[in-house]
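Some notes on the structure that comes next.
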Amino acid sequence: MKVLVLGGGGREHALIWKLSQNPEVNALYCIPGNGGICEQAICADIPLTDFRAIMQFVRVYEIDFTVVGPEQPLVDGIVDAFQAERLPIFGPMRRAARLEGSKIFAKQLMQKYGIPTAAFGAFDQYADARRYLDALPEGPVVVKADGLAAGKGSLVCPDKASARQALEQLMQDRIFQEAGSRVVIEEFMEGEEASLFVLTDGTDYVTLLPAQDFKRVYDNDQGKNTGGMGSYAPTPFVTPPVYQTVIRTIVEPTLEALQREGIVYRGVLYCGLMLTADGPRVVEFNCRFGDPETQVVLPLLETDLLEMLMAIQRGELRRIKVRNRSGAAVCVVLASGGYPDAYEKGKVIQGLDQVPDDVLIFHAGTQKVGERLVTSGGRVLGVTALEENLEKAVNKVYQAVDKISFEKMHYRRDIARKAIEFLKQQSATASEENESIN
Ligand code: AMP
Ligand code: GLY
């Protein structure tokens, strides 16, 4: 089997790493890949917007199966293009990918089918949006560009004055170009966030372990939103009863809503959740695996990934049983100085050879220059450790991180810290309850 992965980040490196474990796979390809992926896959530099050239590559190299990493090609209809030529590919078609491609579409679907999410207004005129905002009570509010904005299109505003500014930036200054021609203004929700990957063939579905990612650039959730500075799984905040509620009130109603709308959804339905005091609610849907959640969820997955993705593409998911290993995984992202704003590239990465073999290094913004590995992006590496519990995994990951360096490298030191405290509290409460029973 020859398998192609589209994308060049940490998520795609994790996909390649996991796909390579299938004994039938004898060659892996990646477009465009990165400095780490090219150790495991043959990389080609073709723009992900050029579907014709990608399909030509698939024909020339006789690729059997293609897996799409990022959202943009899905939203642009790459799956439709492949299917028209009968080339097997994993991911939702354009109409289904709108769930991520248009926030207004997603919100209206949730509203129509009673799927819990933040109250909202959707606007294509600045004056209407401004009037809606002005009528809201004082307090935090979220302003979102309708279209894709590389994960940066949601502006969480602490008060109405900054929300007005955000609205101007999106709709008038067009800081995200056309993505901001329509906006969603949304109630601010409070709680722990969780990411749940639902894999569906349009009829059946399975879920992977619930994860948490860390979007803000600095410790204690300070600073700007990023693509994600770390992750861990499974998150204890999704307790078994919370999981059941998510399935009953969000996952199944959403899959049913899609069916009723005549949308066949085949791929990953990424549910971004807020666990509020009133129960879990949807922050957003994505039409692909999350980054960097994939870097912790896949290492914990025992089931063969390629079999699962191919079964979905064929509409045969019912044959697949998902098994996960016990324990926990933690991923810490090492970023370039300045990220998520402007940063320099070309810094030499050192110390990877000092990292123990059982720690996984997923490359994101790296590039091979001769024998040297240098930085080439904002998020540079994702370091993932697996252990029997979260605390051990955290200790192991930070010991590994200590070995790695490049000029102006920065990372968060508090990945999974709150979850460990939560677990300790839980076990203290459990032992108190036991004592009172005895
Ligand atoms: P999104 O682009 O919708 O995924 O939003 C990016 C991030 O902004 C989310 O992961 C949350 O941290 C935050 N966010 C988005 N919407 C809300 C909301 N309604 N309330 C609170 N935080 C939000
Ligand atoms: N980790 C967030 C995302 O992939 O959108």
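Read-outs: derived from the displayed coordinates by stated rules, not from any lab. Predicted model, so just to flag it, every value in this text is computed and none were measured. Note that each Cβ is placed from the backbone with ideal geometry, even for glycine, and that neighbours are counted across all protein chains shown.
Would you mind getting me the FRET efficiency between residue 203 and residue 303? Use the beta-carbon distance for r and R0 = 25 Å, nearest 0.05. According to the calculation, E is roughly 0.85. For the chain, the antiparallel share of DSSP beta bridges with both residues in that region comes to about 80%. Taking the inverse of the mean reciprocal distance over all distinct Cα pairs, the Kirkwood hydrodynamic radius of segment 299-342 comes to 13.5 Å.
So, counting K/R as plus one and D/E as minus one, what does the shell of residues with Cβ under 10 Å around residue 14 add up to? Every neighbour counted, the sum reads -1. Name the residue, out of 233, 145, 342, whose mean-square fluctuation peaks in a Gaussian network model built on the chain with Cα pairs under 10 Å. Looking only at 233, 145, 342, the biggest GNM fluctuation is shown by 342.
Can you tell me how segment 114-169 classifies by the Cα gyration tensor, rounded, prolate or oblate, using a/c under 1.5 as the rounded cut? The shape class here is rounded. Simple point charges give the picture: +1 on the Cβ of Lys and Arg, -1 on the Cβ of Asp and Glu, and for segment 150-200 a dipole about the Cα centre of about 280 debye.
On a per residue basis, the convex hull of the C-alpha atoms belonging to segment 329-438 measures out at 94 Å³. Within the shell of other residues whose beta carbon sits under 10 angstrom from the beta carbon of residue 112, the net charge comes to +1, with Lys and Arg scored +1 and Asp and Glu -1. Please give me the summed charge of the neighbours of residue 429: other residues whose Cβ is under 14 Å from its Cβ, Lys and Arg +1, Asp and Glu -1. The answer is -3. Average projection, convex hull of the Cα set of segment 30-99: 4.6 square nanometres. Based on Cα contacts under 8 Å between residues 6+ apart, the chain shows a relative contact order of 16 percent. Computed over the chain, the per-residue total of -39500 (n - 2.57) for DSSP H runs of n ≥ 4 gives a 222 nm mean residue ellipticity of -9000 deg cm²/dmol, rounded to 500. Computed across segment 214-315, the Kirkwood radius stands at 15.7 Å (inverse of mean 1/r, all Cα pairs). You can think of it this way: the chain between residue 86 and residue 187 has 32.0 nm of extra reach, that is 0.36 nm per residue less the Cα-Cα gap. If you bin all the Cα-Cα distances of the chain at 20 Å, starting from zero, the percentages per bin are 25, 60, 15, 0.
Taking every alpha-carbon pair under 8 Å whose residues sit at least 6 apart, segment 1-63 reaches a relative contact order of 34 percent.
Applying a threshold of 23 Å to the alpha-carbon distances of 144/418; 345/368; 215/408 flags 144/418 as lying beyond it.
Label sites at residue 248 and residue 264, each approximated as a point 7 angstrom past Cα along Cα to Cβ, lie 3.2 nm apart.
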